[in-house]
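The values are calculated or read from the model by the stated rules, or taken from the named source; none is laboratory data. For clarity, every value in this text was computed on a predicted model and none was experimentally measured. Virtual Cβ from ideal backbone geometry, glycine too; neighbours counted across all protein chains shown. Ligands, DNA and RNA are stripped out before the accessible areas are found, and what is left, the full protein with its side chains, is counted by its heavy atoms. Shrake-Rupley method; radii C 1.70, N 1.55, O 1.52, S 1.80 Å.
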Amino acid sequence: MSGLATTMEARLACPACQEQLTYYDVVNSTHFACPACHVLFSQPAQGPALKVRQFQDVPRLPPCLPLGSLGTMPDGLPYRVTGYMLRKEKSSPARWQEFMLFNPTAGYAQLALYEGHWTFIKPAAELRSKQQEPQSKTRTQRYVLDNDIAYALYNKYQPRILYARGEFDWNILDDERLNVFEYVAPPHMLVQETGMGQQPQWYRAEHIEPAAVARAFGVAISQLPDRDTVGAIQPAPGGDSWPAVRRFTLLLLGLLVLTEIVLASLRPSRQLLSQHFVSGASQALPSFRPDSTEKVLVSSPFEITEPSTVLDINLRAEIDNSWLELPVSLVNEQTGQGFEFTKNMEYYHGVESGESWSEGSVQADATLTKIPAGRYHLNLYPVSENNRPVGFSLTVTENSWQPGNFFLFGLALLVYPGLLYWRRYNHEQARWAQSNYGPLT
């Protein structure tokens, strides 16, 4: 930057107010805007200065990057701020600021500021646009290709110059005859300018964070405008890390599924018992619970051969507009150790005001974990409505697939990428809500 800091500079007087203006591109600058009287004038190589326009729309605050300040841009080159413009679109109230940047070797670049979003812009080689198939009968989505990246048409406008200060190497008012097309592929943009009977001019642009601008020009970030809404090429949350997050998440989900398959093959599911009962039936064994007058129903015995087994118990009752309460005790016949649970089943239905209705269920499930190996049977203590006999079926399955842990772990894996995807989706919706064109599909 030291070489740029010693670049030639010169001074000239404003023809309207005689304010002394400092300028830096001594060879090429032809037009100047006075910050004192707000007059835009041209200075021919020979002859007097000519007034071009008196600006009326003067901002209350000076530019956040002062004229003459130095900064290093993303291309690694040092630039000096030599000009400033306040612009708007002809057919909308949208306003933005443009800072002209000058490097004696690389030439000119621009730093655009719109609603707190910064964009670094440089001339580019000519690009060839292509037309996409219409998305609807009323809308056509255009895009351009650059290095196999599709840039979608985001905006089209004609600029108007509201205010300027500093030096320029062309008559900035000529820009009001241009048609400008902006194509986006965040965090990059391609800008095409057409008009005035010339070949289209192309520019490449990239998003810059406000903190990077503040560091580059040595200003406090508090001096820069706050961001409002989502910028046209503002990177989505997650930035370049999103593809890696997505791939890593899919990999973990694949490993989770593979783990479940391996565990299922090592500990296959096996039905240990399937039996039908009737509450209060005479075949019930004359065994009683101390705290109940109901007869206990005892299942056939079954063997659990693996230690720390998971048992899945499924119940189905033959109830219709009634209920069944079923306390169950799993008993180890060698140790007497018991595992107890109670299930309530009720099912009611009918017709009311011509509409059918139903509530409850005839089925219930229970899961017992960490059951030691051994010989077991079930004691059942059914209680029915009005002590009416009720038939019910019971099955006991060993190592049946338990989807709960699988889905909980899968959900845990999806929390961060899911939230990130949701933020990125809303970010894109907000981005394209400010465009008259739809995104590529």
Aspartates and glutamates whose Cα lies under 12 Å from that of Lys156, excluding same-chain neighbours fewer than 8 positions away: Glu89, Glu182, Glu193
Anisotropy class of region 33-87 from Cα gyration tensor, a/c 1.5 cut: oblate
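Counting pairs of Cα atoms in the chain, how many percent are more than 29 Å apart? Don't jump to the answer; show the numbers that get you there.
Working: 63717 of 97020 pairs.
So the pairs more than 29 Å apart make up 66 percent of the total in the chain.
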Point-to-point label distance, Ser393-Val298, nm (Cα→Cβ direction, 7 Å offset): 2.5
Mean Kyte hydropathy of 0.5 or more with a Cα span along the axis of at least 15 Å, helices from DSSP in the chain: 242-266
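Let a ≥ b ≥ c be the square roots of the eigenvalues of the Cα gyration tensor of region 338-429; is it rounded (a/c under 1.5), or, if not, prolate (a/b larger than b/c) or oblate? Could the numbers behind the result be given before it?
Details: a/c = 4.58, a/b = 1.39, b/c = 3.29.
Oblate is the answer for region 338-429, as a/c is 1.5 or above yet b/c matches or exceeds a/b.
Quantify how much of the Cα-Cα distance distribution of region 154-294 extends past 21 Å, in percent.
Numbers: 7343 of 9870 pairs.
For region 154-294, the fraction of Cα-Cα distances above 21 Å is 74 percent.
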Residue-averaged 222 nm ellipticity for the chain, from DSSP H runs of 4+ at -39500 (n - 2.57), nearest 500: -5000 deg cm²/dmol
Listed residues Ala94, Ala244, Leu411: farthest to the positive end of the dipole of the chain (Cβ charges): Ala94
Rounded to the nearest 20 debye, dipole of the chain from Cβ charges on Lys, Arg, Asp, Glu: 1540
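About its Cα centre, how strong a charge dipole does region 313-421 have in debye, to the nearest 20, once Lys and Arg get +1 and Asp and Glu get -1 at the Cβ? Walk me through the numbers on the way to the answer.
Working: 5 positive and 12 negative charges, 111 e Å.
Computed about the Cα centre, the dipole is about 540 debye.
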The chain, accessible area per residue, ligands and nucleic acids excluded (1.4 Å, Å²): 55
Virtual spin-label span in nm between Ala94 and Val58, 7 Å along Cα→Cβ: 2.9
For region 134-214: rounded, prolate or oblate by the Cα gyration tensor [a/c cutoff 1.5]: oblate
Unmatched cysteines, the chain - criterion: no other Cβ of a Cys under 4.7 angstrom: Cys64
The chain, accessible surface, carbon-and-sulfur percent (1.4 angstrom probe): 52
